[in-house]
1. Can you find a residue that is open to solvent by less than 50 Å² (accessible area, probe 1.4 Å), touching a Phe, Trp or Tyr at 6+ places or on another chain (Cβ under 6 Å) and farther than 24 Å from ALA151 by Cα anywhere in the range 39-49?
2. List the residue pairs whose Cβ atoms are under 9 Å apart, where the first residue sits in the range 167-186 and is over 16 Å from ALA106 (Cβ atoms), the second is β-branched (Val, Ile, Thr) and open to solvent by 70 Å² or more (accessible area, probe 1.4 Å), and the two are 6 or more positions apart or on different chains.
3. For the subset of the range 137-166 comprising residues that are touching a residue at least 24 places away in the same chain (Cβ under 8 Å), open to solvent by less than 50 Å² (accessible area, probe 1.4 Å) and more than 16 Å from VAL109 (Cβ to Cβ), which member is nearest to the chain's Cα centre (by Cα)?
4. Just to be sure, is ILE117 open to solvent by 60 Å² or more (accessible area, probe 1.4 Å), in contact (Cβ under 8 Å) with a residue 40 or more places away in the chain and β-branched (Val, Ile, Thr)?
5. Any idea how many residues of the range 81-130 are on the phi < 0 side of the Ramachandran plot and in a loop (DSSP other than H, G, I, E, B)?
6. For the range 54-82, how many residues are more than 17 Å from the chain's Cα centre (by Cα), open to solvent by less than 40 Å² (accessible area, probe 1.4 Å) and either among the polar types (S, T, N, Q) or within 20 Å of ARG97 (Cα to Cα) (or both)?
7. Would it be correct to say that GLN31 is open to solvent by 80 Å² or more (accessible area, probe 1.4 Å), of a type in the set (S, T, N, Q) and modelled with pLDDT under 95?
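The values are calculated or read from the model by the stated rules, or taken from the named source; none is laboratory data. Model, not experiment: these values are computed from the prediction. As a convention, Cβ positions derive from the backbone with ideal geometry for all residues, glycine included, and neighbour counts pool all protein chains shown. With ligands, DNA and RNA removed, areas are computed over all heavy atoms of the protein, side chains included. Shrake-Rupley method; radii C 1.70, N 1.55, O 1.52, S 1.80 Å.
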Amino acid sequence: MVGSLLLRGMLIGVLAGLLAFAFARTFGEPQIDAAIAFEEQASQAAGEAPEPELVSRGTQAGLGLGTGMLVFGAAVGGIFALVFAFAYGRLGSLGARATSALLALAAFVSLVLVPQIKYPANPPAVGSAETIDVRTTLFFLMLLVSVAALAAAVMLARRLWAQHGGWNATLIAAATFVGVVALIQFAMPSIDEVPIGFSPEVLWRFRIASIGIHAIFWAVIGLGFGILAEKRFGEGGARRLARSYG
């Protein structure tokens, strides 16, 4: 049963990667091209020699990006299927579609939205090469904090469920998650390395496109996998999965 879920997760992940790639090509790549043009102009103005292009821009934006998104989608879809197999039947009376959608929403919020609120994605030409290690460390630290806060919120909701009911327990846990994340984000250092003269419109569009790519990816996985899982297992599937995971 878990193997069947894994296959379906990988297939829906490939579909999610394909749609995310189409969105990235349409809305993200033009902003990258504009950022690269700005970077090249700045290098020429400073009298710097252009760096050799090891991989053509067309290959990066086409075959390279597409292959990466499909492989990423298959891997994440498989992991999502395993998480679903563990969670299904353990989230109250939620069915397959609701469980899948809830897990995808939680993944999007904790893995994408929260880290990018504090440390948003940047196009080429934005960010100093000297601080790349620090910026990378801070981003992944924010990512770990977000995931840990979400896990703690889930455990809090389960503790409060019997005493306060599902709805109130969920609201309390969600408010706690938001409060903890907001406090930690306020305490962590901010980074602003946008070069003078860089178009704020290009930066804004790139960051919106980055979040949009992830939103499409997780929406397709959450909704699509739920449909496939519901058709495959139907009634009684939650109990069989729960038994297989103890």
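1. no
2. That search, which allows pairs on different chains as well, returns GLN185/ILE117.
3. LEU138
4. yes
5. Here is the first cut: in the range 81-130, the residues on the phi < 0 side of the Ramachandran plot are 81-88, 90-91, 93-124, 126, 128-130.
Of the ones still in play, those that are also in a loop (DSSP other than H, G, I, E, B) are 88, 90-91, 93-95, 119-124, 126, 128.
The total comes to 14.
6. 0
7. No: the conditions fail for GLN31.
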